[in-house]
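The values are calculated or read from the model by the stated rules, or taken from the named source; none is laboratory data. On a predicted model such as this, the values are computed, not experimentally measured, just so you know. Here the Cβ positions follow ideal geometry from the backbone for every residue, glycine too, while neighbour counts run over all protein chains shown.
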Amino acid sequence: MDQENIEEIIQTLATNGIDWGGKILFALAIFFIGKWLAKKITDLIRRTMVSRNVDPTLTSFIVNIIYYLALAFVVIAALTKVGIQTASLVAVIGAAGLAIGLALQGSLSNFAAGVMLILFRPLKVGDFVEAGGAMGSVKEVGIFNSILLTPDNKTIVVPNSNITSENITNFSTQDERRVDLVIGVSYEADVKKVKEVLLEIVNADERILTEKGITIGLLELADSSVNFAVRQWVKSSDYWGVYFDLMENIKLRLDAEGIEIPYPQMDVHLDKPE
């Protein structure tokens, strides 16, 4: 190979390298700028929906969908600039669709479940729920997963399909909840006096909705105690405050009245041999 051919090859490689290098740089620029624009656009859509008081659950879901669609468009545009025929790429992806669907059936079911959650609204952002084997406040309903925040500030990521395939208990849909307590006293206690004391304790709490009725009744004659049901209605926001205060006040008052609260115990009798 003579000097002239070597120079020609080097020149060709240099020309093609510059051409390809420019395409790759341009494609990278399209990708990063497009990704930045997609983020800005979705942030603008989010702010607009929030300013118009659109439900946070719906807002989060729509914004995520738009962002990933925009990102897919950016990727296709970048690949086109490099010279990859996107029509062929789409055909390949379409041909492999069945295999991808089988491999990602869990993700697809999560996506479908996310759509169901948005359509039927069994829960929304801010609700306190028990769903998918977890309990907490709904922070986000995403495309594939939902995020719950526990009372002690732990984040739980729950697949959407787990939520829709199991029972959902939503503690936030109703303005009022009933506080159910079971109070056990000794068999030696005066039943009427116990009921009077419990009624006085309940009536003394102004947060209790007395107009909805108060139930205090003998619930069970258990093995070591006489159990009373103490049931009253409160605002949902007052539930735990009333629950804790009632338990404390009942204990203090029963102690003051000399009414025993029994605890499990065992009597052992030793017989002397004759």
Where a residue in region 195-212 is touching a residue at least 40 places away in the same chain (Cβ under 8 Å) and its partner, wherever it lies, is of a type in the set (Val, Ile, Thr) and in a helix (DSSP H, G or I), with Cβ under 8 Å and at least six apart: Leu198/Ile250; Ile201/Ile250; Asp205/Val242
task: Return yes or no: is Gly217 on the phi > 0 side of the Ramachandran plot and without any contact (Cβ under 8 Å) to a residue 24 or more places away in the chain?
output: no
statement: Inside region 154-181, the number of residues satisfying the requirement of being hydroxyl-bearing (Ser, Thr, Tyr) and in a loop (DSSP other than H, G, I, E, B) is 3
Leading residue by the ranking (nearest to Tyr68 (Cα to Cα)) among those in region 119-133 that are of a type in the set (A, V, I, L, M) and buried (at least 17 other Cβ atoms within 10 Å of the Cβ): Val125
- request: Could you check how many residues of region 25-49 are surrounded by 13 or more Cβ atoms within 10 Å (Cβ to Cβ) and of a type outside the set (Phe, Trp, Tyr)?
  value: 12
- request: Scan region 148-186 for residues that are surrounded by 14 or more Cβ atoms within 10 Å (Cβ to Cβ), more than 30 Å from Arg207 (Cα to Cα) and of a type in the set (Gly, Ala, Ser) and jot them down.
  value: Ser161
query: In region 232-264, how many residues are charged (D, E, K, R), out of contact with any Lys or Arg (no Cβ under 6 Å at 6 or more places or on another chain) and in contact (Cβ under 8 Å) with a residue 24 or more places away in the chain?
result: 5
Condition check for Ile143: assigned to a loop (DSSP other than H, G, I, E, B) and surrounded by 14 or more Cβ atoms within 10 Å (Cβ to Cβ): yes
query: If you scan region 182-204, which residues turn out to be over 17 Å from Phe244 (Cα atoms) and either of a type in the set (Val, Ile, Thr) or outside the structural domain of Asp245 (by TED's automatic domain parsing) (or both)?
result: Val185, Val191, Val194, Val197
- request: Of all residues in region 228-261, count the ones that are more than 12 Å from Leu198 (Cβ to Cβ), more than 35 Å from the chain's Cα centre (by Cα) and surrounded by 14 or more Cβ atoms within 10 Å (Cβ to Cβ).
  value: 2
query: Which one of these does Ile208 not meet: (1) under 12 Å from Val182 (Cα atoms); (2) buried (at least 17 other Cβ atoms within 10 Å of the Cβ); (3) within 37 Å of the chain's Cα centre (by Cα); (4) not small (Gly, Ala, Ser)?
result: (1)
